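Here the structure comes first, spelled out in structure tokens, and everything after it is commentary.
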Amino acid sequence: LSKLSPSDNNNIACIALDVPVENGFDFLAPQISANDIGRLAIVPFGKRKAAGIIVDIAESSNVPPGKLRSLERIVYDLPKLSALDLALFRFCSGYYHHPLGQVILNALPVQFRSSRPFRLPLVTYYQLTRAGREQDAAPIGRALTQRHILERLSGGLLADNVAIAGLSRGKIALQALLEKKCIERVAPGKGVFTAAASPLYALNTGQSDVVARIVAALGHYQPFLLTGITGSGKTEVYLAAMRQVLQKGEQVLVLVPEINLTPQLEAQFRARFPQTRMVSLHSHLARAPRTLGWLEAQSGHAQIVLGTRLAVFTPMPRLGLIVIDEEHDASYKQQEGLRYSARDVAVYRARLADCPVVLGSATPSLESYFNAEHSGKGLRYTALALTQRAIPSATLPVVRLLDMNRERLHDGLSETLLVALRTRLAKHEQSLLFINRRGYAPALVCRQCAWMPECPHCTAHLVFHKSDARLRCHHCGQQTRVPPHCAKCGSADLAPAGQGTQRIMELIAAHFPDSRIARVDRDSLRARGAAQRIFDAAHKGEIDILIGTQMLAKGHDFPKLTLVGVLNADAAMFSADFRAPERLFSQLVQVAGRAGRAGLKGEVLVQTSFPAHPLYAAVQEQDFTRFARLQLEERRLSGMPPFSHLALLRVEARAAGQALKFAGAALELGKAHAAGVALYDAVPAPLEKKGGWERAQVLVQSRSRTALQRFIGDWRPQIAAAAPRSTRWIIDVDPSEV
Ligand code: ADP
Ligand code: ZN
Ligand code: ZN
């Protein structure tokens, strides 16, 4: 069928909507122009209205003219997405095989996704003038509101509504200050850049060499992999490079893996660049500040955007540098919907924006390491390294393996570890116990018949939480009271099996009744502000022993910490996931890196039943390069990434056996055109049942990214056409867990 042309003066708008359909939808839009691409539009959709983004305009449509509906209105109040923003979304849609409309709409602030009118606050930005900065001299007198405003602005430029929030007669005071020339309006992107008087530290030679390399690359695309042992001062390197970018009036995007790390970094950045507008964007933010933050970045007022995963999509018109801290971290990979890797998207974004991107880590992902080691064609990174701890007296901690086959044990805690803890308490130094399991015990077991309560919806044991006498499923959230009797034999002799953070806390408290102990895991940090309170107390030395999960391992810097105990590291050795050793290594190095950062000698004790394992030898030497070479050799032999590229078809269904059956059917469809790719058998997922859904998967592997992409492009519509309504499925490109 040939394309039908609508009447002359009718243009067609192609709109991306938040629906699981490949392409955009066409609408009649008589007055539309190429200038409107990137704008939000409200369109009729079925019986309702929907908000979408204009991604294209055309003269004709494949939809017959009679069926074409008219676009209702274009939202001119909101700034539009730029061509670069759209290019990034298009890349994600293509690479991750996800509908463009869903990619875009899910990245936008919630208010923009609604078809209801959204009133954009008209904001003006203000900053102090020189007179305003010399507060005492300023003719303010007793005008309290004006004083408040000056005080708020002393931290950098602010939007008017923020500057006067909660102040009575704030608008009048603002006007008065303007007339007295204590403050001035700021044009977008023109905020005064005043770095703090001097950097806190003079960079050491390692640091300045690295900074010089990054600075030399400003203005064009270049990815760097910055490998620096823990405590080598990577943050200082970021700050020095950022300074150059900010000075040019450009913007910096900084990604961090963990929300809990943002306040710490935010404070550091604020102290260093007091007059620079910074917004932090993460999922714990309320709607309004998130939307405002987005708009400030998009308008160019905010020069620093600090955020987690999703912040990678924030429009930044003058982007000059991207920093990805702890680039190896698993949380950069989104595990639902658009399964993107924020790290990989950021690298692509840097290429679009023609700016450098710095991937920093003490233990880079093997993919990034490989990209930096094997320069040559394609997407390659420049390797940068920091090999010394920044504080000269801070040496890397000594790592000792405690052989659990020989150690005298007290409830799973070795004698050596207990003695080490006692010594630290006597010296008023801090200790950290790392156990990657929250709850009291990973299971409850009947001592008569070995029955263990399982989640009715998942293939998993229920975790015993003693504090509220409950059993919880850590996969679906299901919870019940602890049963009084065994469901199988009726015995009342039920006992906790294994250890979690709560139980370790109880044991430690019993051994050291006078010590100050704090637990850090998802449960204990649930309350608002809890994380900040605990970390502040630890920084001030008000806690002797910290007990926690990986949340403790990342980024924190406790000056008096000299002992780290690792309790259940072996668990990772039994994982079927080929990345398990890599994750274990990085976790151990990260957690070991918490010890001995400020001149006190650090010690790490790892309890293990496999002290001869080569992985532990590498951990003992804290030699990432050696570990990486060993692992890469294994990966090369098994043909796993980075020597191949993977995609995983994930299928879920409620009816027994259906997920596996459909995965098998999909596999057959794929086999017919599997040129250049290898298809593995359809198998149950590692967690076979989750939240009542049975799960199965098919792994696809290829040496060529292009062949893999082409294959998925053909396979996906076949699966979509064949999938019964009762199954859910998704193709996960570059899966982080297989
Ligand atoms: P990393 O992120 O590499 O683990 P940090 O950036 O946290 O390391 O730095 C470790 C410690 O060293 C911090 O306390 C930091 O303030 C300090 N530091 C960084 N650079 C220097 C320097 N050039 N001179 C002295 N101390 C420094
Ligand atoms: Zn029993
Ligand atoms: Zn469950």
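The values are calculated or read from the model by the stated rules, or taken from the named source; none is laboratory data. What you see is a predicted model, and the numbers here were worked out from it, not measured in a lab. Heads up, the Cβs are rebuilt from the backbone with ideal geometry, glycines too, and the neighbour counts pull from every protein chain shown.
Quick check on ALA655: is it closer than 15 Å to ILE730 by Cα, more than 29 Å from the chain's Cα centre (by Cα) and not in a strand (DSSP E or B)?
The answer is no for ALA655.
Specify the residue that is nearest to ARG728 (Cα to Cα); the eligible residues are those in the stretch 324-355 that are of a type in the set (S, T, N, Q) and outside any helix (DSSP H, G or I). Walk me through how you get there before you give the answer.
Taking the stretch 324-355 and keeping what is of a type in the set (S, T, N, Q), we get 331, 334-335, 341.
Next cut, outside any helix (DSSP H, G or I) only: 334-335, 341.
On the way: GLN334: 18, GLN335: 15, SER341: 22 Å.
Out of the qualifying residues, it is GLN335.
Among (1) out of contact with any strand residue (DSSP E or B) (no Cβ under 8 Å at 6 or more places or on another chain); (2) over 17 Å from ALA107 (Cα atoms); (3) surrounded by 20 or more Cβ atoms within 10 Å (Cβ to Cβ), there is one condition HIS301 misses while meeting the rest; what is its number?
In the conditions (1) out of contact with any strand residue (DSSP E or B) (no Cβ under 8 Å at 6 or more places or on another chain); (2) over 17 Å from ALA107 (Cα atoms); (3) surrounded by 20 or more Cβ atoms within 10 Å (Cβ to Cβ), HIS301 misses (1) alone.
Considering each residue of the stretch 219-277, count those that are over 15 Å from GLY320 (Cα atoms), among the small types (Gly, Ala, Ser) and part of a loop (DSSP other than H, G, I, E, B), and give that number.
Going through the stretch 219-277 one residue at a time, the tally reaches 3.
Considering each residue of the stretch 445-467, count those that are part of a strand (DSSP E or B) and more than 15 Å from ligand 3 (Cβ to nearest atom), and give that number.
Of all residues in the stretch 445-467, those part of a strand (DSSP E or B) come to 445-446, 454, 461, 463-465.
Going one step further and asking which of them are more than 15 Å from ligand 3 (Cβ to nearest atom), we end up with 445-446.
Total satisfying the criteria: 2.
Which of the residues that make up the stretch 555-566 are within 26 Å of the chain's Cα centre (by Cα) and either among the polar types (S, T, N, Q) or surrounded by 17 or more Cβ atoms within 10 Å (Cβ to Cβ) (or both)?
GLY555, HIS556, PHE558, VAL564, VAL566
Quick one: would you say GLY337 is of a type outside the set (D, E, K, R) and either touching a Lys or Arg at 6+ places or on another chain (Cβ under 8 Å) or over 17 Å from VAL256 (Cβ atoms) (or both)? Can you show your working first?
On the way: of a type outside the set (D, E, K, R): yes; either touching a Lys or Arg at 6+ places or on another chain (Cβ under 8 Å) or over 17 Å from VAL256 (Cβ atoms) (or both): yes.
Answer is yes for this residue.
Given the condition touching a residue at least 24 places away in the same chain (Cβ under 8 Å), away from ligand 1 (no atom under 16 Å from the Cβ) and in a strand (DSSP E or B), answer yes or no: does some residue in the stretch 704-722 qualify?
Checking the stretch 704-722: not a single residue is touching a residue at least 24 places away in the same chain (Cβ under 8 Å), away from ligand 1 (no atom under 16 Å from the Cβ) and in a strand (DSSP E or B).
Under 8 Å between Cβ atoms, at least 6 apart or on separate chains: pull out the pairs that start in the stretch 464-477 with a residue that is closer than 14 Å to SER524 by Cβ and end on any residue that is of a type in the set (Lys, Arg) and more than 16 Å from ligand 1 (Cβ to nearest atom).
From the stretch 464-477, the pairs are HIS465/ARG472; LYS466/ARG503.
Consider THR308 carefully, then state whether it is within 22 Å of GLY360 (Cα to Cα), touching a strand residue (DSSP E or B) at 6+ places or on another chain (Cβ under 9 Å) and at pLDDT below 90. Before the answer, list the steps.
Details: within 22 Å of GLY360 (Cα to Cα): yes; touching a strand residue (DSSP E or B) at 6+ places or on another chain (Cβ under 9 Å): yes; at pLDDT below 90: no.
No, not satisfied.
Looking only at the stretch 397-422, count every residue that is crowded, with 20+ Cβ neighbours inside 10 Å and part of a loop (DSSP other than H, G, I, E, B) and tell me the total.
Residues in the stretch 397-422 being crowded, with 20+ Cβ neighbours inside 10 Å and part of a loop (DSSP other than H, G, I, E, B): 1 in total.
Please note which strands (runs of 3 or more DSSP E) are completely contained in the stretch 1-88 and include at least 2 residues that are at pLDDT 90 or above and not aliphatic (A, V, I, L, M). Spell out the reasoning first.
Numbers: elements: 12-17, 25-28, 40-45, 48-58, 73-75.
Hits in the stretch 1-88: 25-28, 40-45, 48-58.
Give the residue, chosen from LEU425, LEU432, that is crowded, with 16+ Cβ neighbours inside 10 Å and within 16 Å of ligand 1 (Cβ to nearest atom).
Going through LEU425, LEU432 in turn, just one is crowded, with 16+ Cβ neighbours inside 10 Å and within 16 Å of ligand 1 (Cβ to nearest atom): LEU432.
Since LEU471 meets every condition but one in (1) away from ligand 3 (no atom under 16 Å from the Cβ); (2) in a strand (DSSP E or B), which condition does it not meet?
Checking LEU471 against (1) away from ligand 3 (no atom under 16 Å from the Cβ); (2) in a strand (DSSP E or B), the one that fails is (1).
Could you grab me the full set of residues in the stretch 567-607 that are outside any helix (DSSP H, G or I), farther than 12 Å from PRO397 by Cβ and away from ligand 1 (no atom under 16 Å from the Cβ)?
LEU567, ASN568, SER575, ALA576, ASP577, PHE578, ARG579, GLN607
Taking interchain pairs and intrachain pairs at least six residues apart, which have beta carbon atoms under 8 angstrom, with the first residue in the stretch 231-254 and touching a residue at least 24 places away in the same chain (Cβ under 8 Å) and on the phi > 0 side of the Ramachandran plot and the second near ligand 1 (Cβ under 8 Å from one of its atoms) and outside any loop (DSSP other than H, G, I, E, B)?
GLY233/GLN207; GLY233/LEU386
For the stretch 318-326, state whether one or more residues are surrounded by fewer than 24 Cβ atoms within 10 Å (Cβ to Cβ) and under 12 Å from the mean Cα position of the chain (by Cα).
Yes, the stretch 318-326 contains at least one residue that is surrounded by fewer than 24 Cβ atoms within 10 Å (Cβ to Cβ) and under 12 Å from the mean Cα position of the chain (by Cα).
State yes or no: is GLY219 under 21 Å from MET316 (Cβ atoms), over 22 Å from the mean Cα position of the chain (by Cα) and surrounded by fewer than 21 Cβ atoms within 10 Å (Cβ to Cβ)? Break it down into steps so the answer makes sense when it comes.
Details: under 21 Å from MET316 (Cβ atoms): yes; over 22 Å from the mean Cα position of the chain (by Cα): yes; surrounded by fewer than 21 Cβ atoms within 10 Å (Cβ to Cβ): yes.
The answer is yes for GLY219.
Consider ALA618 against the criteria (1) at pLDDT 95 or above; (2) more than 17 Å from ALA722 (Cα to Cα): it satisfies all of them except one. Which criterion is unmet?
Here ALA618 clears every test but (1).
Can you tell me which of PRO392, PRO364, PRO317 is within 17 Å of HIS220 (Cα to Cα) and either touching a Ser or Thr at 6+ places or on another chain (Cβ under 7 Å) or without any contact (Cβ under 8 Å) to a residue 12 or more places away in the chain (or both)?
PRO317
Does GLN478 qualify as being surrounded by 17 or more Cβ atoms within 10 Å (Cβ to Cβ) and within 16 Å of ligand 3 (Cβ to nearest atom)? It would help to see each step written out before you state the result.
Values: surrounded by 17 or more Cβ atoms within 10 Å (Cβ to Cβ): yes; within 16 Å of ligand 3 (Cβ to nearest atom): yes.
Criteria met by GLN478.
Please state which of the following conditions ALA362 fails to meet, knowing it meets all the rest: (1) surrounded by 23 or more Cβ atoms within 10 Å (Cβ to Cβ); (2) under 20 Å from SER232 (Cβ atoms).
Of the numbered conditions (1) surrounded by 23 or more Cβ atoms within 10 Å (Cβ to Cβ); (2) under 20 Å from SER232 (Cβ atoms), the odd one out for ALA362 is (1).
Go through (1) surrounded by fewer than 20 Cβ atoms within 10 Å (Cβ to Cβ); (2) in contact with a strand residue (DSSP E or B) (Cβ under 9 Å, 6 or more places away or on another chain); (3) in contact (Cβ under 8 Å) with a residue 24 or more places away in the chain one by one and return the number of the condition PRO289 breaks.
Only one criterion in (1) surrounded by fewer than 20 Cβ atoms within 10 Å (Cβ to Cβ); (2) in contact with a strand residue (DSSP E or B) (Cβ under 9 Å, 6 or more places away or on another chain); (3) in contact (Cβ under 8 Å) with a residue 24 or more places away in the chain is unmet by PRO289, namely (3).
Of ARG424, ARG516, ARG447, which residue is farther than 25 Å from ASP570 by Cα and without any contact (Cβ under 8 Å) to a residue 60 or more places away in the chain? Working first, answer last.
Working: ARG424 fails: without any contact (Cβ under 8 Å) to a residue 60 or more places away in the chain; ARG447 fails: farther than 25 Å from ASP570 by Cα.
None of the other options fit; the residue is ARG516.
Scan the stretch 441-468 for residues that are surrounded by 15 or more Cβ atoms within 10 Å (Cβ to Cβ), under 15 Å from ARG503 (Cα atoms) and away from ligand 2 (no atom under 16 Å from the Cβ) and jot them down.
Across the stretch 441-468, the qualifying residues are ALA441, PRO442, VAL463, HIS465, LYS466.
So which residues in the stretch 491-533 are of a type in the set (Ser, Thr, Tyr) and within 19 Å of LEU261 (Cβ to Cβ), if there are any at all?
Within the stretch 491-533, the subset of a type in the set (Ser, Thr, Tyr) is 491, 501, 515, 524.
Hit for the stretch 491-533 is SER524, nothing else.
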